[in-house]
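K.L.:
First the structure, then my questions, so here it is.
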Amino acid sequence: MDVSYDGTDFSGWARQPGRRTVQGVLEDALAKQPPGSAVPKSVVVAGRTDAGVHASGQVLHVDVAPLAGKTRSSRIAVDEWGIPDLARMCHRWNRILPGDVRVLGARVAPPGFDARFSAVRRHYRYQVSDAPWGVDPLRRKDTLAWGRPLSIDVMNEVSAELLGLQDFAAFCKQREGGTTIRELQRFEWRRTATHAVEAVVSADAFCHSMVRSLVGAVLLVGDGRRALDWPSGVLASGVRDSAVAPAHGLILTAVDYPPDDELAARAEQTRNIRTPLP
């Protein structure tokens, strides 16, 4: 399933007791209109987003108990896998879901697919306004008001030094038992309008708060408050710094997967815990 959401009024992706979450409202919709003969278990997502983070290209999967054929209750014919017409199911789910979440499409997954572990990379965009007056009121929920002029050339120079397979412990909120080794494959900045700046960030995976920490560090160099070598120095130190950009400027834009015949192998490979670099 391909999903888009405005993260403003959500306490992040993951279901939490007493909190409004993206997973929670999606699973509630699936419970009311199951895509099979029973209510599906928890959905599996490509990347869990933090509170306030948006997504235009989130991916998830759910295991479905097939239907035996056309049922009187659903009045939707099923295919050879026992799955109902998913285009019509998307329409039903979107009628149930609140306006800040949409299911953009759904399809039967190829064998071996896992939304989380089969992914080869995730893509994010971070939006910033460096206008002295702040941010356009119509963009205040998805764009950070920085208020200081930013140098795109300087930020691209600094960001390039952070690329590669490295231990990003200094830019991650660590979780017990997790690894902070990631391959940062793209980190580029561009000016899209007079006062509009955006970062495009891609990696095989991201640890908790990694994108926002990277963006926050580079922004401080881009406006001249930190030296050019400061972010690379933070990376080398392995000590987490407090320069974390706010969540609302961040958008998960896409998730890449390998060819169908490589999905299972990729999932198995990803499940293996990364070992520290020598």
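Every number in this text was worked out from the coordinates using simple rules, so none of it is lab data. These numbers were taken from a predicted model, which means no experiment stands behind them. Note that each Cβ is placed from the backbone with ideal geometry, even for glycine, and that neighbours are counted across all protein chains shown.
K.L.:
Using modelled backbone amide H atoms (1.01 Å from N, in-plane), which distant-in-sequence or interchain residues come within less than 5 Å of GLN58's amide H?
P.N.:
Here VAL3 satisfy the definition.
K.L.:
With a 4.7 Å Cβ cut-off, tell me which Cys residues in the chain come up empty for a partner.
P.N.:
CYS90
K.L.:
A further question follows. Would you mind checking which residues have amide H under 5 Å from ASP85's amide H? H placed 1.01 Å from N; only 5 or more apart, or other chain.
P.N.:
Residues meeting the amide H criterion: ALA77.
K.L.:
Separate question: Please work out how much length the chain gains when fully extended from ASP229 to ASP28, using 0.36 nm per residue of separation minus the C-alpha to C-alpha distance, in nm with one decimal.
P.N.:
So the extension gain works out to 67.6 nm.
K.L.:
With 10 angstrom as the radius, rank GLU80, GLU268 by how many other C-beta atoms surround their C-beta, starting from the fewest.
P.N.:
GLU80, GLU268
K.L.:
Hey, what do the phi angles of the range 82-97 turn into as Karplus ³J(HN,Hα) couplings, whole Hz, using 6.51/-1.76/1.60 and θ = phi - 60°, x for Gly and Pro?
P.N.:
Values per residue, Gly and Pro as x: x, 9, x, 4, 6, 5, 6, 5, 4, 4, 5, 4, 5, 6, 7, 5 Hz.
K.L.:
Next up: Can you find, among ASN94, GLY105, TRP13, the residue sitting farthest towards the positive end of the charge dipole of the range 2-105, where Lys and Arg contribute +1 and Asp and Glu -1 at Cβ?
P.N.:
ASN94
K.L.:
Taking R0 as 22 Å, what's the FRET efficiency between LEU163 and THR192 from their Cβ-Cβ distance, rounded to 0.05?
P.N.:
Efficiency at R0 = 22 Å is approximately 0.50.
K.L.:
How much length is gained on full extension from ALA68 to ARG175, taking 0.36 nm per residue of separation minus their Cα-Cα distance?
P.N.:
Stretched fully, the ALA68-ARG175 segment lengthens by 34.2 nm.
K.L.:
Assuming R0 = 51 Å, what is the FRET efficiency of SER242 and ASP79, from their Cβ-Cβ distance, to the nearest 0.05? It would help to have the intermediate numbers written out before the result.
P.N.:
Numbers: r = 52 Å, r/R0 = 1.02.
It comes out at approximately 0.45.
K.L.:
Next up: In whole Hz, what ³J(HN,Hα) sequence does the range 149-157 give by Karplus (6.51, -1.76, 1.60; θ = phi - 60°), x for Gly and Pro?
P.N.:
Result, rounded to whole Hz: x, 10, 9, 5, 4, 5, 5, 5, 4.
K.L.:
Quick one: 3J(HN,Hα) in Hz for the range 197-210, Karplus 6.51/-1.76/1.60 with θ = phi - 60°, rounded, Gly and Pro as x.
P.N.:
Here the 3J(HN,Hα) series is 10, 9, 9, 10, 10, 9, 7, 5, 6, 10, 8, 4, 6, 5 Hz.
K.L.:
Pairs of alpha-carbon atoms within less than 8 angstrom and 6+ residues apart define the contacts here; what relative contact order does the chain have, in percent? Can you show the working numbers first?
P.N.:
Numbers: 591 pairs, mean separation 62.4, N = 278.
Result for the chain is 22 percent.
K.L.:
As a test of the formula, what do you get for the chain when each DSSP H run with n ≥ 4 contributes -39,500 (n - 2.57) and the sum is divided by the residue count, at 222 nm and rounded to the nearest 500 deg cm²/dmol?
P.N.:
Values: 6 runs with 61 residues, N = 278.
Rounded to the nearest 500, the figure is -6500 deg cm²/dmol.
K.L.:
While we're looking at this one, here's another question. Return the long-range amide H neighbours of ILE181 (sequence gap of 5 or more, or a different chain), with a cut-off of under 5 Å between placed amide H atoms.
P.N.:
Counting only residues 5 or more places away or on other chains, the set is PHE168.
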